[in-house]
Structures are given as C-alpha cells and as structure tokens.
1. Relative to the present Cα-Cα distance, how much length would full extension add between Ala353 and Ala45 at 0.36 nm per residue of separation?
2. With the dipole of the chain worked out from charges on the C-beta (+1 for Lys and Arg, -1 for Asp and Glu) around the Cα centre, which of Gln93, Ala208, Asn362 lies farthest toward the positive end?
3. Given the Cα-Cα distance of Ala268 and Ala239 and 0.36 nm per residue of separation, how much length would full extension add, in nm?
4. Just to confirm, what accessible area per residue do you get for the stretch 1-127 at 1.4 Å probe, in whole Å²?
5. For the stretch 274-345, restrict the atom set to alpha-carbon positions and state the Rg and Dmax in Å.
6. So which lysines can Lys247 reach, going by Cα to Cα under 30 Å and dropping same-chain residues fewer than 8 places off?
7. Based on the mean of other beta carbon atoms within 10 Å per residue, what is the order of 7-17, 284-294, 202-212, most packed first?
8. At Lys212 and Thr31, where each label point lies 7 Å from the Cα along Cα→Cβ, what is the point-to-point distance in nanometres?
Amino acid sequence: MTIGLLKEPEGEHRVALLPESVKTLTDLKTTVLVEKDAGASAFSADDDYQAVGATASARQAVLEADLVVGINPPTEDEIGQLKPGQTLLCIFQPLSNKPLVERLQALKVTSFSLDNVPRTTRAQSMDVLSSMATVAGYKAVLQAAATAPRFFPMFMTAAGSIIPSKVLVLGAGVAGLQAIATARRLGAVVEAFDVRAAAEEEVKSLGAKFVKVEGAKDDADAGGYAVEQTEEYKAKQQALIQEHATKANIIISTAQIPGRKAPVLILADTVANMQPGSVIVDLAASSGGNCELTENDKTVQKHGVTIIGNSNLPSSMPMDASKMFGKNIVNLLKLMIDTEGDLNLNWEDDIIANTCVTHDGNVMSERVKNILFQTEIA
C-alpha cells in the first residue's frame, strides 16, 4: 500500500506525520510519499523523511496514493480527483459537513474522520481530539498569562503583596483540565464549570473549585461527550456562570458539543461587568464561541476586556502537536494494515467501524447516520 502525506494549507504549522511516525509505517511494509516541504513548519525537512524511507513527491502524486493522510482535508477540486476505492484519513468534521460526506459517498471513497474516533478506553491512543485539546488547554493559559496585565501567582514583596489572579475555566474536558492544571502551576486561584457530572471529581483533584449547577441532563449514554441541556438548566447555568465570570480575571472557555453550535456561556452584559484588563480565551471560536462577543481568529477588546478567539492553538506548538497527532494516526493504522503492508479493514472492530464515515458508497459510522441521516433511517 502507498500512503501519501499532504502538506497542510497556509497558516497550519503542524503536519500529520513526523519522520518518526513515517518510519513506523515503512517498517510495516508500506510505501510512503511525502509532499515536498510537508513538515517544514514543524521543523522536519524532506531529508529527514527520506532518511526513514519516504519519498519526497509532488502534491499530485501524493493525492494518487492508496491512502491519503492529512490534518485538514484536501481542497474541493482535489476531493473530486479521488478515485473509487481510495482511502482518505484526516479531520473533516462529518457531523457538521453533510455535503462533504455525501460527496465522498458518491465518489465511493473510503473516508476516515479522525474527530470521529470513539471516546473509549481502547481508542484513547488514537484520539486526536484529546491530544490536540491537551495542547490547546496548555497554550490557552500561557496566552492568557502573556496578555493579562497582572501576575498569576501571589507575591510577597518589599513593595507589598500581590494577590493571585482568579481563573474561571468553562468546560472540564481534556482542554479544560489541562488549562486548570497549567493555571494552578502558575499560581492562580482556579474555578471550573462543566455540565458533565463526572467532571467534578477530576476538577477537584487538580486543586480547583467546581462550580456546580443542579439539574443537568444525564450524559451517561453520550460516549464521553457533552449533551444538549434543557432551557431551564441553561437559565440556571447562565445565572451562576455570570456571577463567577464577573469576579474572574481570566476565563478559558472550552465548551463544545459535536455537530452543534458552541453554547453561549458568557453574555455581552457579563463582559461589560468584568474587571478592566480581564482576558477571555475562547477555544470554541470556530463553532460560534462560548462568548457572545468572540470573533473567530481575532483578538478584540470590548469594555476593557481582551477576547481571544482562537480554535487552532495546537498549530502554535507544531513540533509536539505533530508528534502526538502522528502517534494517534499510527496507532489507528496499526489496526488496518496487515502483515504484508496492505489495507485490511475489519468491520467487526468498533474503532474502525465508527471512525470510518464512508465506504463503497455507504455511510458507515452509526453516529454520523443517526445525526445526519435520521429521516432516511426512519
């Protein structure tokens, strides 16, 4: 089997596979073509890839590989060039991209969306969302600390005492927990909110206070994801979050629901009542933002509060982010590559079955079917 590694579009500094991951794949008897300069922004030269057995190639040759790998999907025109039976492995957010799912289905392309890996114990080593959320949570706090006009930790100095910053983290998933841990290391006083009941113990274990809203909808069957809440719960949630947000110096917001617009947790009125000099880092900016005033991929100031809308912080740490991403891909591909280096898809494997979005003209993922094609299933 030939594997093609794409160079990411302008502005994305990561690469899906570093040379160390490519070596693992060549050891599995696959042939790897790497688009020229694919790893340059992650500080991996073409020579580094060639040293582990890969071939530096033009983009067109990479797109003709049996298995095309990237972080972002190819362009629309390039998708149209894919042949029936080819396999595409990247992040294309199928739950919010029905047209692309239908196009891949019509082209009879076998497609795997890495953001569709199930949230199970066995699949943890393949979960790119968790890996990238770790980077995002860490960098969000560092970005907030660099932007804020005050210290994070408490200081006792000859000039008097400096009180620690108060940090509020909204969403205690992987990104939120990493943000809590990083803010605590920097000496801040941290509070955190999450709709999932299981998050309370994790938040407290990191030394943060858990902001609890009673009456959350049961999330036991959501596979580790947050679920949409009732209007009554949302009203109570808004009131309590606003109370804590106006006292915070830093807010890190990470709350997202797959396939839906991000919940608005910080209202414009709340921002107006926050202390001047406060900072909000909104990691949900690309899906609408948790703050009503967030602008995606922009840093804006409103009422003396700096609001950073950045959903792609992992790109700002391309070396380690690419290393983690590549390791996740390799762990997934080990389930698919046989002893001869060919693609062998076992549909009895729940990870393969759920991560695969389209195959031979069919939608394979039950999760994608249930959310995008409910009417057809009924």
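1. 107.4 nm
2. Value computed over the given set: Ala208.
3. In short, 9.1 nm is gained.
4. Value for the stretch 1-127: 43 Å² per residue.
5. Final numbers for Rg and Dmax: 19.4, 62 Å.
6. Cα-Cα hits under 30 Å: Lys139, Lys166, Lys204, Lys209, Lys212, Lys217, Lys234, Lys236, Lys261, Lys298, Lys302.
7. Working: 7-17: 20.3, 284-294: 22.5, 202-212: 16.8.
In descending order of packing, they fall as 284-294, 7-17, 202-212.
8. Label at Lys212, label at Thr31, 6.1 nm between them.
The values are calculated or read from the model by the stated rules, or taken from the named source; none is laboratory data. This structure is a prediction, so every number in the text was calculated from the model and none was measured. Heads up, the Cβs are rebuilt from the backbone with ideal geometry, glycines too, and the neighbour counts pull from every protein chain shown. What goes into the accessible areas is simple: the full protein's heavy atoms, side chains included, and nothing from ligands, DNA or RNA. Shrake-Rupley method; radii C 1.70, N 1.55, O 1.52, S 1.80 Å.
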